[in-house]
Amino acid sequence: MFSSLKIRNYRLFAAGALISNTGTWMQRIAQDWLVLTLTGSASAVGITVALQFLPMLLFGLYGGVLADRLPKRPLLLGTQSAMALTGLALAVLTLSGQVQVWHVYLTAFLLGLVTVVDNPARQTFVSEMVGPDQLANAVSLNSANFQSARLVGPAVAGVLITAVGSGYAFLFNGLSFLAPIAALLLMRTADLHGSVRTPRGKGQLREGLRYVSAHPELIWPIVLVGFVGTFGFNFPIWLTAFVHEEFHAGAEAYGLLNSLMAVGSLAGALLAARRGASRLRIMVGAALLFGALEALAAFAPGFWLFALLMVLVGMFGLTVNVTANSSIQTATDPAVRGRVMSLFMMVFVGGTPIGGPLFGWLTDVYGPRVSLAIGGLISLVAAVAVGLLLARAGNLRLKVDLRRGRKHLAFVPRQQKERLTAAA
């Protein structure tokens, strides 16, 4: 489960990321709650989230081109430093009492611009640290790392916001980027696995898109992740609205819900790390359960049942993301991996500028329960459709066997059906 942590460079990277991720989760909670208290509107929270991810939708593929073209370690030193500055700027504005909602919008957009380059560079740098044999394990542990921070960050942020306000959460986030910057500086460059750097040239963006379109094992997971990310991952809107409107609680309850979701997400990431190999059928099955549980949670009558369902939603949602991420990375030629992963991230988080305002409006007009149910049902339908398309691309059919001791549902090659018919 933890085999890639034997590698020194990856251990440094993981330790720095854990501290930085904790600060990131603290800022996310503080940012959402600050916007809600400044405006009293779920739509405003949706706009904030949308602005943070809009640059990924607009420029995400160009970030992948840069990640393929430039050395990743120096590139990450630059992006991590820039992200630290956005956190510190928001901290100064909030602690000085000058913060307005447009300040939050602006810093969210600037953070999104940096993420356009940081995300594909960080995703593909993993293979340089651990090599191809440990890539799937390291991708899973990256997600476990992010979710471990999510256990701590929201809970601490909830207490901190209640006690002294949002400004100190932003300050901690800005300072937390010192940890990954130090980790990158302390790495042994001789131990890194060399990667093919793409020279500057024309048509590199189109080349990446053509590569993905020619491989069904890449395009359909990206499509599924796009639907799930756009319509099923609007938790800043849903959780703030459920806490505020349905359960009549405060920032501490919001932080607790995020931490409980992280418990499930962490379990999903560790189970993925233990499996090692990434199977697309696991991704599709997890997406089915994710959508169904989200729709069910929409009608939970009380806080604790809702919280329990959010743990399961977190587990299966993370399983979808990790399985798609690692299967795409391992199936992609290293020369185009940055562009493919930028498309993956663009589709996953770039749909937020569409989903955020849409589900913010649905939440304001029809309430959080209807909004969450719609998001879950769309994710469920998308999982069914992509599962059928992948089965068709792999020339598979669904076999149902209700006999005791047999696997009741399984995908088998279509030729097997023909052989059985001939034998009969």
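Quick note: the coordinates plus some simple rules give every number you see, no bench work behind them. These figures come from a predicted structure and were not determined experimentally. As a convention, Cβ positions derive from the backbone with ideal geometry for all residues, glycine included, and neighbour counts pool all protein chains shown.
Between Glu217 and Phe299, residue separation times 0.36 nm minus the direct Cα-Cα distance comes to 26.0 nm. For the stretch 271-346, the list of trypsin sites (Lys or Arg not before Pro) that fall in a loop by DSSP and count at most 16 other C-beta atoms within 10 angstrom reads Arg279. Positive-end ranking of Leu184, Ser81, Ala297 along the dipole of the chain, with charges on Cβ about the Cα centre, is headed by Leu184. For the stretch 1-60, applying the loop criterion from DSSP together with a ceiling of 16 other beta carbons within 10 Å to the chymotrypsin sites (Phe, Trp or Tyr not before Pro) yields Phe2. Spatial offset of the stretch 84-158 relative to the stretch 24-69 amounts to 11 Å, using the alpha carbon center of each. Sort the chain into rounded, prolate or oblate with this rule: let a ≥ b ≥ c be the square roots of the eigenvalues of the Cα gyration tensor; rounded if a/c is under 1.5, and if a/c is not under 1.5, prolate when a/b is larger than b/c, oblate otherwise. Taking the square roots of the gyration eigenvalues as a ≥ b ≥ c, the chain is oblate. Note that the stretch 178-185 has calculated 3J(HN,Hα) couplings of 4, 5, x, 5, 4, 4, 5, 5 Hz, one per residue in order, obtained from phi through the Karplus relation 6.51 cos²θ - 1.76 cosθ + 1.60 (θ = phi - 60°); glycine and proline are x. Residues Arg11, Arg206, ranked from the fewest to the most other C-beta atoms within 10 Å, line up as Arg206, Arg11. Karplus-derived 3J(HN,Hα) values for the stretch 358-370, using 6.51 cos²θ - 1.76 cosθ + 1.60 with θ = phi - 60°, are 4, 7, x, 5, 4, 5, 5, 8, 10, x, x, 5, 5 Hz; glycine and proline are entered as x.
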